[in-house]
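Peer 1: My questions all concern the structure below.
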Amino acid sequence: MVTLVWFRRDLRLADNPALVHALAAGRPIVPCFILDDADAGDRAPGGASRWWLDGSLAALARDLAARGSRLVLKRGPAERVLDALIAETGASAVVWNRRYEPWARARDERVTSRLEARGIEATSCNAALLREPWMLATRQGEPYRIFTPFRTALRARFEPTPPMPAPDRLPAPRRWPASETLASLCLLPDKPDWAGGLRAAWSPGETGARARLDAFLDGALLDYRERRDLPGTRGTSRLSPHLHFGEIGPKQIWHAVKTHALAETGDTDPPGAATFLSEIAWREFSYHLLHHFPALPDVPLRAGFEAFPWREDGAGERAWQRGLTGYPIVDAGMRELWATGWMHNRVRMIVASFLVKDLLVPWQRGERWFWDTLVDADLASNAASWQWVAGCGADAAPYFRIFNPALQGAKFDPRGEYVRRWVPELAKLRDAQIHAPWEAQPIELAEAGITLGRTYPQRIVDHRLARQRALDAFAKLGKT
DNA sequence: TGAAATGTTGGGGCG
DNA sequence: ACGCCCCAACATTTC
């Protein structure tokens with residue numbers, strides 16, 4: 001009699017409720033991971049996420065091995081794989097931490113009833129959220145659609161408890177089931193190997209997550225409110241991919257931030273910590289929205305936007321993807337994304353606004369590109385955030401709030417450090433021109449070694465005209 | 001977690 | 001000294 005612990009997006013040993021539940025049962029534990037692309041349909045992880053998953057699974061396997069256990073790897077539809085694993089191990093119980101993607105919820109329901117019908121105990125736990133999405137509702141019993149009251153409710157209903165440490169040992173079964181090798185899951189890019197920038201930037205796995213959190217606590221946390229919007233500095237936590245894969249959970253982060261803030265300032269809620277935890281609350285809000293509006297990744301939350309006159313602009317979209325729009329802050333962001341699998345949040349808003357409002361390309365196209373290229377690609381956060389930028393989401397930026405890429409650059413990257421790092425062909429321009437090279441005098445461009453249209457693109461649209469075009473499109477929508 | 005257009009105010013140049 | 005204009009600086013409104 002063994003317990004299967006089915007790891008999914010909870011790739012950690014500390015504060016892992018499913019693992020705690022399994023340990024309490026006292027039976028031998030078989031930890032397993034199922035590569036479930038077959039269940040996820042067109043929402044299987046994208047390229048960057050697969051790279052991360054490989055590293056995270058390797059780390060989890062190491063951490064389990066250090067505790068006298070193993071990670072059993074399988075691939076295929078979860079129902080079939082679990083059937084086979086149960087037959088192979090004689091498992092009497094399966095325990096996992098819940099996922100919230102619509103396809104995963106449907107799949108997990110099928111799994112649960114299948115297991116229960118066969119007399120096998122099926123238990124699911126919460127490792128990913130401070131509060132389950134169905135535990136919060138407005139006074140009218142409706143899902144929240146506005147962030148601030150959601151956050152108020154979340155704070156009021158969340159009772160912080162100290163996170164549980166990782167177990168020292170996991171009881172092993174007498175015989176281990178067969179496992180795929182990690183390499184055979186083919187998660188890493190091959191021909192070409194484009195992951196060099198990712199390897200340089202990240203350390204997937206629970207140890208890497210904890211190190212990232214500790215570095216953030218000791219570094220940027222207390223200045224977070226002031227520095228989080230400056231992409232040229234390391235003012236953010238960069239925990240998003242670790243959070244997405246569950247290498248660390250929001251409860252652990254919440255607890256660590258509060259504890260650290262109290263020790264450093266005598267206050268559990270100084271401005272830096274409060275602002276950072278608000279971002280954790282935005283993540284919860286996104287999961288709340290995805291749970292209550294499962295079409296969130298595909299359909300505008302606000303009815304009416306269905307009729308928006310989006311354009312087909314293949315050339316513009318490709319220029320955006322490659323960082324060749326001629327707007328330095330946009331191009332810097334898209335190149336950072338391509339090189340490292342991540343983009344600073346301020347810049348995400350700028351590039352998203354550019355795609356959706358300056359180019360009038362449907363937000364779903366941007367969401368899909370991010371899905372494939374981000375190491376932190378997360379269905380809830382990604383979909384909710386794209387809808388937010390597009391103006392059709394919950395508590396969204398009004399449609400007429402259109403970012404001016406040159407002004408945003410000047411405001412948040414005033415020394416041009418970020419642009420110079422990712423768009424080196426502009427490095428020699430003065431700060432005053434780094435965000436608007438089209439305004440530089442010919443002599444200045446020449447001295448900086450720049451020929452617009454040759455060494456760096458001409459702007460693919462004039463923002464002033466594009467802005468007016470977007471407002472006109474929106475006005476038309478209002479009439480119909 | 002905008003930007004641009006429009007309105008208001010007040011200091012200073014000037015006749 | 002005074003009125004007039006200009007315009008920066010700031011505030012408000014509009015998209």
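Peer 1: Could you tell me how many degrees, from 0 to 90 and to the nearest 10, lie between the Cα long axis of helix A:363-373 and the main elongation axis, the longest principal axis, of the Cα atoms of chain A?
Peer 2: Roughly 60 degrees between the two axes.
Peer 1: Let me ask another. Counting pairs of alpha carbon atoms under 8 Å apart in space and at least six apart in sequence, what relative contact order in percent does region A:205-362 give? Mind dumping the intermediate values first?
Peer 2: Details: 137 pairs, mean separation 28.1, N = 158.
Taking the mean separation of contacting Cα pairs over the length of region A:205-362, I get 18 percent.
Peer 1: May I pose another question? Give the peptides A:465-471, A:295-301 in descending order of average Cβ contacts within 10 Å, highest first.
Peer 2: A:295-301, A:465-471
Peer 1: Looking at the square roots a ≥ b ≥ c of the eigenvalues of the Cα gyration tensor of region A:191-239, which shape do they give, rounded for a/c under 1.5, prolate if a/b is larger than b/c, or oblate?
Peer 2: Verdict is oblate for region A:191-239.
Peer 1: Given H placed 1.01 Å from N in the peptide plane, which residues other than close sequence neighbours of residue A:125 have an amide H under 5 Å from its amide H?
Peer 2: When sequence neighbours closer than 5 places are left aside, the close amide H contacts are A:96, A:97, A:98.
Peer 1: Using only Cα atoms, find the angle between the long axis of helix A:147-157 and the longest principal axis of chain A, and express it within 0 to 90 degrees, rounded to the nearest 10.
Peer 2: With rounding to tens, the tilt is 30 degrees.
Peer 1: Ordered by residue, what ³J(HN,Hα) values in Hz, to whole numbers, does region A:431-438 give under the Karplus form 6.51 cos²θ - 1.76 cosθ + 1.60, where θ = phi - 60° and Gly and Pro are x?
Peer 2: Values, residue by residue: 3, 5, 10, 4, 9, 8, x, 5 Hz.
Peer 1: Between 0 and 90 degrees, rounded to the nearest ten: what's the tilt of helix A:47-65 against the longest Cα principal axis of chain A?
Peer 2: So the inclination is approximately 30 degrees.
Peer 1: Right, next: Total Lys pairs in chain A closer than 24 Å by alpha-carbon, pairs eight or more apart in sequence or interchain only?
Peer 2: Lysine pairs, 8 or more places apart or on different chains, close enough: 4.
Peer 1: Determine the relative contact order of chain A: mean sequence separation of Cα pairs under 8 Å and six or more apart, normalised by residue count, in whole percent. Can you show the working numbers first?
Peer 2: Values: 781 pairs, mean separation 80.8, N = 480.
About 17 percent, as a whole number.
Peer 1: Something else now. Once amide H atoms are placed 1.01 Å from N in the peptide plane, what residues at a sequence separation of 5 or more from residue A:2, or on another chain, have their amide H within under 5 Å of its amide H?
Peer 2: Here the answer is A:91, A:92, A:93, since their amide H atoms fall under 5 Å of that of residue A:2.
Peer 1: What list of ³J(HN,Hα) values in whole Hz, one per residue of region A:193-202 in order, does the Karplus curve 6.51 cos²θ - 1.76 cosθ + 1.60 (θ = phi - 60°) give from phi, with Gly and Pro shown as x?
Peer 2: Coupling constants for region A:193-202: 7, 9, 8, x, x, 5, 4, 5, 8, 9 Hz.
Peer 1: Using packing as a proxy for protection, rank A:241-253, A:14-26 so that the peptide with the highest average count of other Cβ atoms within 10 Å comes first. Working shown, then result.
Peer 2: On the way: A:241-253: 24.8, A:14-26: 19.4.
Highest-to-lowest ranking by the protection proxy: A:241-253, A:14-26.
Each value in this text was obtained by applying a stated rule to the coordinates, not by laboratory testing. These figures come from a predicted structure and were not determined experimentally. All Cβ positions, even for glycine, are placed from backbone atoms using ideal geometry, and neighbour counts span all protein chains on display.
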